[in-house]
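What follows is one structure encoded as structure tokens, with my remarks underneath.
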């Protein structure tokens, strides 16, 4: 495909989205629609990959600022799809083929495009679809021999043409050498006063250039997004496909309709996912991992046999085998848990390591800490890691026992086998194997009277 050029039309305003965000930047499965189209186009290894932008162009370009392979073309006036492609002519080579895609058609697959590109190089090929209700779409008109001869837009169609059910998806590939002439011949003498890209089909036929109309394998691949309803419908299509692939791979899903994958999810054998789970970024689940209901995992690696209870949130974390997490636990970026660790309910771990068999059971915050093996952190413990300017680390060595309600004021070390009494504030090293306490003296005042509420009468 070295002689292939790809032009992605992404200049539309998207009025029906009712949003300040450019339409092509609205996410599907956690990724902007345009990003999905670009990623698919890249699999074809095109010589030129161009994006025609317009409304919200600064935001669109800013989002892809790191993409050095994109040739940006601005369409300052939206005068139709034919005009949009004409704007891209300066960045296209003199020969080869040009594939036209759309920034708001996010689910087109590389396999389908490869089929389109398998047609002869000197021909035109377009994707078509059969719809029981084709209202709103351009109709594909064929001659008596079944050959595509033109496309007529709905507003320009007569009654017989409107009765046709084969529609134009807009995705097509054309000989690049022909584009300048064909695009220069377009007129806007039609119901919408626009330069139609679809009129190129009739121009190709007039020059005896073969035109191939190929059916799209599944309608959802070629569906464009014009409003939030259509976007939501495509989201469900995408998620159903992901769920089906997981089921076929042996993953147990409590409800295939209630799972969202917004990145890449890799699962081992005998993985079980309860309802309402969300997976973002890159997530890896080892053999026998069980994920409870309504968990969120983002850029996480979870080793075999780990159980994550409902309503837990893990991001940027690594979890060893046989761990138990949650419910309502939060692992923030930099959390690294060794095998057989236990993180209980309402526990937050941030930028910390936990050695094998260590436990932080409930209602605790552990941030910027290095915890050895077989450490027990009692309920309500807080590592006081931030002094208002700098963050410091807490070290809990192997076998340390931290009593409930302890404040560990970093930088501080609790040495191996040390015990911290409940309710202590620890700001100095706790010696190995000893009990360390820090408590105010308890007193009782016999003559003290509880205040009473003053009368308002």
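Here are a few things to note about the model shown:
- Where strands (runs of 3 or more DSSP E) fall wholly inside region 332-409, the ranges with 2 or more residues that are within 31 Å of the chain's Cα centre (by Cα) and either under 25 Å from residue 304 (Cβ atoms) or assigned by TED's automatic domain parsing to the domain that holds residue 305 (or both) are 348-350, 365-367.
- Exactly one residue out of 233, 208 is part of a helix (DSSP H, G or I) and out of contact with any strand residue (DSSP E or B) (no Cβ under 8 Å at 6 or more places or on another chain), and it is 233.
- Complete set of residues in region 6-19 that are surrounded by fewer than 19 Cβ atoms within 10 Å (Cβ to Cβ) and out of contact with any strand residue (DSSP E or B) (no Cβ under 8 Å at 6 or more places or on another chain): 15, 16, 18, 19
- If you check 113, 107, 164, 186 for being assigned by TED's automatic domain parsing to the domain that holds residue 34, outside any loop (DSSP other than H, G, I, E, B) and surrounded by 12 or more Cβ atoms within 10 Å (Cβ to Cβ), only one passes: 113.
- Residue check for residue 198: within 27 Å of residue 233 (Cβ to Cβ) and either in contact with a strand residue (DSSP E or B) (Cβ under 6 Å, 6 or more places away or on another chain) or part of a strand (DSSP E or B) (or both): yes
- Search result, residues across region 64-90 that are part of a helix (DSSP H, G or I), touching a strand residue (DSSP E or B) at 6+ places or on another chain (Cβ under 7 Å) and without any contact (Cβ under 8 Å) to a residue 60 or more places away in the chain: 87
- Residues of region 221-260 classified as touching a helix residue (DSSP H, G or I) at 6+ places or on another chain (Cβ under 6 Å), surrounded by fewer than 18 Cβ atoms within 10 Å (Cβ to Cβ) and either at pLDDT below 95 or more than 30 Å from residue 289 (Cα to Cα) (or both), total: 2
- Screening 71, 29 for residues that are within 26 Å of residue 126 (Cα to Cα) and either surrounded by 15 or more Cβ atoms within 10 Å (Cβ to Cβ) or modelled with pLDDT of 95 or more (or both) leaves exactly one candidate, 71.
- Of all the listed residues (104, 122), the sole one being closer than 25 Å to residue 227 by Cα and in contact (Cβ under 8 Å) with a residue 24 or more places away in the chain is 104.
- When 132, 125 are screened for being on the phi < 0 side of the Ramachandran plot and modelled with pLDDT under 95, only 132 passes.
- Among the residues examined, residue 61 qualifies as in a helix (DSSP H, G or I) and within 21 Å of the chain's Cα centre (by Cα).
- Residue match in region 40-50 (condition: in contact with a strand residue (DSSP E or B) (Cβ under 7 Å, 6 or more places away or on another chain), part of a helix (DSSP H, G or I) and surrounded by 16 or more Cβ atoms within 10 Å (Cβ to Cβ)): yes
- Of all the listed residues (314, 265, 297), the sole one being in contact with a helix residue (DSSP H, G or I) (Cβ under 8 Å, 6 or more places away or on another chain), buried (at least 22 other Cβ atoms within 10 Å of the Cβ) and part of a strand (DSSP E or B) is 265.
The values are calculated or read from the model by the stated rules, or taken from the named source; none is laboratory data. Because the structure is predicted, anything quoted here is derived from the model rather than measured. Glycine gets a Cβ as well: all are built from the backbone with ideal geometry, and neighbour counts include every protein chain shown.
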